[in-house]
1. For the stretch 255-298, name all the residues that are polar (S, T, N, Q), closer than 18 Å to residue 314 by Cα and touching a residue at least 24 places away in the same chain (Cβ under 8 Å).
2. For the structure I just gave you, tell me whether residue 151 is free of Cβ contacts under 8 Å to residues at least 40 places away in the same chain, of a type outside the set (S, T, N, Q), under 30 Å from residue 108 (Cα atoms) and part of a helix (DSSP H, G or I).
3. From the list 226, 318, 241, exactly one residue is touching a Phe, Trp or Tyr at 6+ places or on another chain (Cβ under 8 Å), assigned to a loop (DSSP other than H, G, I, E, B) and modelled with pLDDT of 90 or more. Which is it?
4. Tell me, please, whether a residue that is in the same structural domain as residue 201 (by TED's automatic domain parsing) and under 28 Å from the mean Cα position of the chain (by Cα) can be found in the stretch 298-312.
5. Go through 72, 39 for me and flag whichever is over 19 Å from residue 112 (Cα atoms), assigned to a helix (DSSP H, G or I) and of a type in the set (Ser, Thr, Tyr).
6. Can you find a residue that is in a helix (DSSP H, G or I), touching a Ser or Thr at 6+ places or on another chain (Cβ under 9 Å), exposed (fewer than 13 other Cβ atoms within 10 Å of the Cβ) and not charged (D, E, K, R) anywhere in the stretch 260-274?
7. Taking the options 53, 49, name whichever one is among the hydrophobic types (A, V, I, L, M, F, W, C) and part of a loop (DSSP other than H, G, I, E, B).
8. For the stretch 162-212, enumerate the residues that are within 28 Å of residue 238 (Cα to Cα), small (Gly, Ala, Ser) and surrounded by 16 or more Cβ atoms within 10 Å (Cβ to Cβ).
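The values are calculated or read from the model by the stated rules, or taken from the named source; none is laboratory data. As the structure is a prediction and not an experimental result, all values here were calculated from the model. A quick note on method: Cβ atoms are made from the backbone with ideal geometry, for glycine too, and the neighbour counts reach across all protein chains shown.
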Amino acid sequence: WALKLCEAEEGTPQLRGKCLLQRTVLLLAQNSFQKAIDSSGEVMRIQPANKHAAALNATALHKIGRKKEAASAVTELIGAFQRSEDQHVQDELGAPLELVVSLLVEMHRTKEALRLLSQLLSRVSGPRHQPLFFGLARLYAKHGLNKDALVLKLPQLCTRPPDRRTWDLLKSMAEYTPAAVEQLLQSYIDEAGPGRFTHVPQITEVMCKLPFGAHGSAANKALKLLQRCASQVAPDRPEDLKIIVEDLRAFMSSNISPAVRERLPRAIESLLLSYCEALTAQHTADAWEMPGDLMKRAFNGQPPVVLLEQLQRSCLRLPLTSEKTLWVVFRHLSPDSGVALVRTWLLQNDAAADVDRMERCARH
């Protein structure tokens, strides 16, 4: 129908070529190999440099039993892909290259397939070529080809510090080259530490894409990493607490095993408890405010009693000169808990007779 419309409307050769190409794909899928050969031949007469048509033609020739012609056509296609002046190979990574690699493997010309992919891989020179790299990686994986070249190239495409494109690439490559991705992640993990937890959420996200390994599930490894990071969190850097707690919360809503998920609330509780125990009057208002805010969010407004009690015990260590800090914490407590805390704090500091202070307490 589309071809008839092209003829009736005097469509351009390019449009007719596209219609013929789609017809060839359908004919090949229907095992109408001779018709596919004829149809692809028409495309090649209109567009001699069309690699997709040539690849479809070679595939149909191979399927129909014309092996020598198919082998010759594939060899010509290899040369076309390898031409150094061809700057549009990325646009042709879909069906044409996939058909050629499939034919080479089917013809037991695996070494040639590897050589072709390796030469195309050599054109990948930086992060901007990540789509080309990923397309080639998919072909390596699909046909079970040796991935050594991919493993060597992967670090060259990752920036330091890692940017969004780097994380997207690592997530995509986790399935194809898990060992290489894990090695890169380890280098980023080694760089993480107090005040340098910015990339931990991205690291754990990539870790969860890795296949099940000898040391347990990917989610279990990610949880262990977060627990290790949590042990380094201190009130001196309240932002670290926020990063780790928020990542643990995100983890809870992700697709992980129930065995790992049920450990997450306890991990959050343990982290917040240790943090609150370490709070002193020397820490900033932000350091004091952070746990109260995170408690409410992490536990849907109903934090465990043990956390509230520890936060209140920490507040009772505050001297009268840190009254403003007390009010920062007060905002995140329930009315009853807040009133009890203020009353105890005033009595403990012998401030019950301080009229001005009592008035401020009443206003709060």
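1. Narrowing the stretch 255-298 to residues polar (S, T, N, Q): 255, 257, 270, 274, 280, 282, 284.
This time we only want the ones that are closer than 18 Å to residue 314 by Cα, so: 270, 274, 280, 282, 284.
Within the stretch 255-298, 270, 274, 280, 284 meet the criteria.
2. Working: free of Cβ contacts under 8 Å to residues at least 40 places away in the same chain: yes; of a type outside the set (S, T, N, Q): yes; under 30 Å from residue 108 (Cα atoms): yes; part of a helix (DSSP H, G or I): yes.
Answer is yes for this residue.
3. Details: 226 fails: assigned to a loop (DSSP other than H, G, I, E, B); 241 fails: assigned to a loop (DSSP other than H, G, I, E, B).
Answer to the check: 318.
4. Let us first name the residues in the stretch 298-312 that are in the same structural domain as residue 201 (by TED's automatic domain parsing), namely none.
Looking for residues that are in the same structural domain as residue 201 (by TED's automatic domain parsing) and under 28 Å from the mean Cα position of the chain (by Cα), one finds none in the stretch 298-312, hence no.
5. Working: 72 fails: over 19 Å from residue 112 (Cα atoms).
Selected residue: 39, the only one of 72, 39 that is over 19 Å from residue 112 (Cα atoms), assigned to a helix (DSSP H, G or I) and of a type in the set (Ser, Thr, Tyr).
6. Going residue by residue through the stretch 260-274, those that are in a helix (DSSP H, G or I) are 260-261, 264-274.
Now narrow it down to the ones that are touching a Ser or Thr at 6+ places or on another chain (Cβ under 9 Å): 260-261, 271, 274.
Still in the list and also exposed (fewer than 13 other Cβ atoms within 10 Å of the Cβ): none.
No, every residue in the stretch 260-274 fails to be in a helix (DSSP H, G or I), touching a Ser or Thr at 6+ places or on another chain (Cβ under 9 Å), exposed (fewer than 13 other Cβ atoms within 10 Å of the Cβ) and not charged (D, E, K, R).
7. Details: 53 fails: part of a loop (DSSP other than H, G, I, E, B).
Answer to the selection: 49.
8. 192
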